[in-house]
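In what follows, a structure is listed as structure tokens, so that the remarks can point back to it.
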Amino acid sequence: MSEYVCRMPYCGEIVLRRGDVCEGCWTMRRVHLLELPDLYVRAYALLTPGSQAQALTTIHVSRPAAPVPFSLVIYDALEGAYATVLTWATYLCVETGMTLWVRSYVTGKGFAECVKLLREYDSCLANRSYVGDYVYDLYVAYRRLVTQTSSFATRRLSCACPSCDGGVVLSRNADEYAVCLTCGATWGHSQIPLLDRSTREVA
Ligand SMILES: [Zn+2]
Ligand SMILES: [Zn+2]
């Protein structure tokens, strides 16, 4: 049987289908779905200088008509995240025969609705040939919002490197990946919580 590497960045786990994601990365999409609404709110609060955080369901993302200073990068990240969850919620509804009600003018409402649907029903996508695209798209949307709202400071994980048994392991770029300073082994985003957990169990 052929073997392939999980398609998620920095993840070296073996999968059986080309373009597929490993069990850990599939599970991690739940964390991304859980965090996306908060990230959307936080990124929106940074869109224009001086604005405040507001409830997700009252947010409407639109390009300002007047020359108001705003962040094009954050705007694109918000629009991209909305397009991602809308696209996949639409796929999900085609698969399950459900109806998608996101005709609201308020994008935050539509965003919340799509994320809710995916959180409740996306397990039926697990065996589809495009599941890797789904997990990857969610990850990209999540990363684009995280990089606008989070610190990029490198942090040291409390575990010793499981590969060389003792190296210092750093998490970089707001947990994009982890790397051992001694042997150079890397771990993908979805494996960082496991590294942290193994430490706690040993301690
Ligand atoms: Zn993986
Ligand atoms: Zn190491």
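Quick note: the coordinates plus some simple rules give every number you see, no bench work behind them. Note that the structure is a prediction, hence the values are computed from the model and not measured. Note that we place each Cβ from the backbone using ideal geometry, even for glycine, and neighbour counts take in every protein chain shown.
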Give me the number: length gained by fully extending LEU181 to LEU100, i.e. 0.36 nm times residue separation minus the C-alpha to C-alpha distance, one decimal in nm. 24.4 nm
Give me MET8, MET1 sorted ascending by neighbouring Cβ count inside 10 Å, so fewest comes first. MET1, MET8
Compute the angle between helix 72-96 and the longest alpha-carbon principal axis of the chain, please, reported from 0 to 90 degrees and rounded to the nearest 10. 90
Rough spin-label spacing in nm, given labels placed 7 Å along Cα→Cβ, for CYS164 and ALA65: 6.0
May I ask for the angle, rounded to the nearest 10°, between helix 192-202 and the longest principal axis of the chain, with both axes built from Cα atoms and the value confined to 0 to 90°? 50
If amide hydrogens are placed 1.01 Å from N in the peptide plane, which non-local residues have theirs closer than 5 Å to the one on CYS22? ARG7, MET8
Fully extended, how many nm does the chain gain between SER151 and SER123 (0.36 nm per residue separation, minus their Cα-Cα distance)? 6.9 nm
Please list, in order along the range 25-39, the HN-Hα scalar couplings obtained from phi with the Karplus expression 6.51 cos²θ - 1.76 cosθ + 1.60 (θ = phi - 60°), rounded to whole Hz, x for Gly and Pro. 6, 5, 5, 5, 4, 5, 5, 4, 4, 5, 8, 4, x, 5, 5
Rounded FRET efficiency, nearest 0.05, which uses the C-beta distance separating ASP76 from LEU34 and R0 of 22 Å: 0.45
For the range 10-20, just list the computed ³J(HN,Hα) in residue order, Karplus coefficients 6.51, -1.76 and 1.60, θ = phi - 60°, integers in Hz, with x standing in for Gly and Pro. 6, 8, x, 5, 8, 10, 9, 10, 4, x, 7
